[in-house]
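Worksheet for the structure shown next.
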Amino acid sequence: MNNLENLLSIIEEQFVHHSDFMSGQPDELYAPIRYALSVGGKRLRPALVLMACNLFSDSVQSAIAPALALEVFHNFTLLHDDIMDKALVRRGQPTVHTKWNENTAILSGDAMLIKAYQLLGGCDAKLLPQLLSIFSQTAIEVCEGQQYDMNFETLDQVSESEYITMIRLKTSVLIAACCQMGALVGGASEKDAQLLYDFGVNLGIAFQLQDDYLDVYGNPLVFGKQIGGDIVSNKKTFLMIHALELAKSQILQTQSLSDSEKINAVTQIYTQHSIDTLTQNAINNYYQKALQSLDNVSISSERKIELQRFASQIMQRNK
Ligand code: IPE
Ligand code: IPE
Ligand code: MG
Ligand code: MG
Ligand code: MG
């Protein structure tokens, strides 16, 4: 079994030393790709692919191609998401469309999506049809989730279940696919691979709830993204939908304020109505559900310790 540090160093080594998929001409296309893929990030998704594989197989060799593919795909979504969300900073650095321009972020993003498919093509031929099918289904669901996220910006009421559907699509299914695909390349049964998917879905929901929370309460020096960005762009986050339920008139009064006044006022409303605690409780519920699915996987509990530890580490993140 590999520990998390080993697996993360395998991923970094792949990105640094075998980065031929990030080079080519013209440089205007590839420089933003290298920037996005080397500027850090937690590497959560490829780590999950390798860890899920490692549950069933001592070697993680077969998981490297899908791990890279899923991390490149994730970074593609960020290039386009940052245009859609008008985000200026990510990982403490200017976003691609800010450092270059929107057209660059669109096209380099498109190329990354294609590179993701090319990398996936390096998977074991026997499993490739199934992996491609999971990957494509996931990718289309991410687009569906992103469109719901945009649609919700202009709605003044979104239910919690509509919100959960939206984040399951835009964020969780990718995390779930990482776990399922890792399990499959590691030789898991269909049933265990599905349990890994379920683990990933609930972990992913907890992860996006946390992202919503950190967008308000994160430390600006550590989080790497603009604090209050969701408030400014009218996102129907978990916090906002509950604020609209508990204190709609208070929220409406903040609408004419300047960006920074609005961030302060809305944050105060959240805290006043204990929406921070409400969010933490919801995060914990989904995290517990995730752990239950992992419990049901038919391997020794010893083999699950690294993944459980990683999940717990993710739940304590501050960036
Ligand atoms: C950001 O994902 C997008 C969300 C789903 C919230 P991460 O927080 O995993 O981003 P990086 O790759 O670590 O920067
Ligand atoms: C993440 O949603 C979903 C995708 C990137 C597909 P956010 O818009 O909340 O992600 P961040 O906060 O910009 O990383
Ligand atoms: Mg977004
Ligand atoms: Mg965003
Ligand atoms: Mg966010």
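Among the residues that make up region 118-141, is at least one of them of a type outside the set (Asp, Glu), modelled with pLDDT of 95 or more and either within 16 Å of ligand 4 (Cβ to nearest atom) or touching a strand residue (DSSP E or B) at 6+ places or on another chain (Cβ under 7 Å) (or both)? Within region 118-141 (the criterion being of a type outside the set (Asp, Glu), modelled with pLDDT of 95 or more and either within 16 Å of ligand 4 (Cβ to nearest atom) or touching a strand residue (DSSP E or B) at 6+ places or on another chain (Cβ under 7 Å) (or both)), the answer is no, since none of the residues qualifies.
Filtered by the rule that a residue be without any contact (Cβ under 8 Å) to a residue 40 or more places away in the chain and part of a helix (DSSP H, G or I), region 6-21 gives Asn6, Leu8, Ser9, Glu12, Glu13, Val16, His17, Ser19, Asp20. Scanning region 198-208 for any residue that is over 22 Å from Lys248 (Cβ atoms) and either more than 16 Å from ligand 1 (Cβ to nearest atom) or more than 16 Å from the chain's Cα centre (by Cα) (or both) turns up at least one such residue. Can Gly41 be described as away from ligand 4 (no atom under 13 Å from the Cβ), closer than 21 Å to Thr138 by Cβ and at pLDDT below 95? Answer is yes for this residue.
The values are calculated or read from the model by the stated rules, or taken from the named source; none is laboratory data. Keep in mind the model is a prediction, meaning the values are calculated, not measured. Note: ideal-geometry Cβ built from the backbone for every residue, glycine included; neighbour counts use all protein chains shown.
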